[in-house]
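I have a structure here, written as structure tokens, and I will follow up with some questions on it.
The values are calculated or read from the model by the stated rules, or taken from the named source; none is laboratory data. Quick caveat: nothing in here was measured; it's all calculated off a predicted structure. For neighbour counting, all protein chains shown are included, and Cβ atoms are generated from backbone atoms with ideal geometry for every residue, glycine included. Areas reflect the complete protein model, heavy atoms only, side chains present, ligands, DNA and RNA absent. Shrake-Rupley method; radii C 1.70, N 1.55, O 1.52, S 1.80 Å.
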Amino acid sequence: MGKGIKTIDDLEKLFEPSYYVIIPISILERNDISSTSKILYGEISALSRKSGQCFATNEFLSTRLGIGERTVTRSI
């Protein structure tokens, strides 16, 4: 099985407790980017904070954000 964050337990193993999402104003103010994409950007950025890489699967991101996997794929 390859790398990937598939559960909250996997997430907690990789990140410190002060896990939070930041969306830069330069992204937030853009009208050509959907709200879903902005939130997904923030989530991926937060997951990348410690190691500089995000290993979350599209399935994990879709479950975490309450959106479909196809929406995650399109947004990325």
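Give the accessible area for K50 in Å² (nearest 10); use a 1.4 Å probe, count only protein heavy atoms, and leave out ligands, DNA and RNA.
We get 120 Å² for K50.
Another question, if that's okay. So how much slack lies between Q53 and R74, counting 0.36 nm per residue of separation and subtracting their Cα-Cα distance, in nm?
5.6 nm
Compare F60, F55 by solvent-accessible area with a 1.4 Å probe and give them largest first, with all protein chains kept in place.
F55, F60
How large is Rg over Rh for the chain, taking Rg from the Cα atoms and Rh as the Kirkwood inverse mean of 1/r across Cα pairs?
Result for the chain is an Rg/Rh of 0.96.
Distance in nm between label sites at N31 and T63, each 7 Å beyond Cα in the beta-carbon direction?
3.8
Using amide H atoms built in the peptide plane, which far-off residues or other-chain residues are under 5 Å from A56 H to H?
I5
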